[in-house]
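**Student:** Have a look at this one before I ask anything.
Only the coordinates and a few stated rules stand behind these numbers; no lab work does. Predicted, not measured: the structure shown is a model, and the values here were computed from it. Note that we place each Cβ from the backbone using ideal geometry, even for glycine, and neighbour counts take in every protein chain shown.
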Amino acid sequence: MRIPALACALFCLFMTTKSAYAQDLADLRRIAFVIEDIDKYSESAGITKQSLSDTVLVGLKRDVPKLKIGNEPVSSFFYVQISTIGASSGIATSVDVSVHRRAEIQGDNGRKILSAVTVWQHGDMLSGPLYDMASRIRDHINQAITAFAAQHYKDNP
């Protein structure tokens, strides 16, 4: 008798958790994108801030054409951060792609604070030889943009 009750409680917990985080990209109509500064190992692999900006711009326009992209004051940001470490045998790169939206957070004293909150994230660790890392990073960013587009379409039917 207790096992079914426990199973039901866990099921309800997971259903509540899922519904609490659903619709994170709802009503997202405008977005800017930010490319974090590139480290020297990423540059040695052929990655530049401009190449990443071009990849993100083309990917967003391709996969979410109705989303307005610009640098005018917006409350949502598509953020890309690349961190690379190198060795004589190859390099390892962390690729983090996320979407941040402004949100109001209520403090314990009741005061409201405006902050950026991560509402979507796609990250991975890539490793291998230096010669093909730039194309693998751009491919990963394109895959992340496609995953973002799929979630955006789900949250904005």
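**Student:** Excluding I69 itself, what net charge comes from residues whose Cβ is under 9 Å from its Cβ, given Lys and Arg +1 and Asp and Glu -1?
**Tutor:** +3
**Student:** Can you tell me the 0 to 90 degree angle between the C-alpha axis of helix 133-155 and the longest principal axis of the chain, rounded to 10?
**Tutor:** The helix 133-155 is inclined about 30 degrees to the chain.
**Student:** Calculate the spin-label point distance for Y153 paired with A103, positioning each point 7 Å from the Cα along the beta-carbon direction, and give it in nanometres.
**Tutor:** It works out to 2.6 nm between the two label points.
**Student:** Could you work out the helix-only [θ] at 222 nm for the chain, with each DSSP H run of four or more residues adding -39,500 (n - 2.57) and the total divided by the number of residues, to the nearest 500 deg cm²/dmol?
**Tutor:** Rounded to the nearest 500, it is -13500 deg cm²/dmol.
**Student:** Which value, in debye to the nearest 20, describes the size of the charge dipole of the chain about its Cα centre when Lys and Arg Cβ atoms bear +1, Asp and Glu Cβ atoms bear -1, and nothing else is charged?
**Tutor:** Taking the Cα centre of the chain as origin, the dipole is about 560 debye.
**Student:** Across bins of 5 angstrom width beginning at 0, how are the C-alpha pair distances of the range 28-155 distributed, in whole percent?
**Tutor:** P(r) for the range 28-155, in whole percents per bin: 2, 10, 20, 21, 16, 12, 9, 6, 3, 1, 0.
**Student:** Related question: Nearest 10 degrees is fine. How inclined is helix 49-63 to the longest principal axis of the chain, computing both from alpha carbons?
**Tutor:** Helix 49-63 sits at roughly 50 degrees to that axis.
**Student:** Output the 0 to 90 degree angle, nearest 10, between the alpha-carbon long axis of helix 2-21 and the longest principal axis computed from the alpha carbons of the chain.
**Tutor:** Approximately 50 degrees, to the nearest 10.
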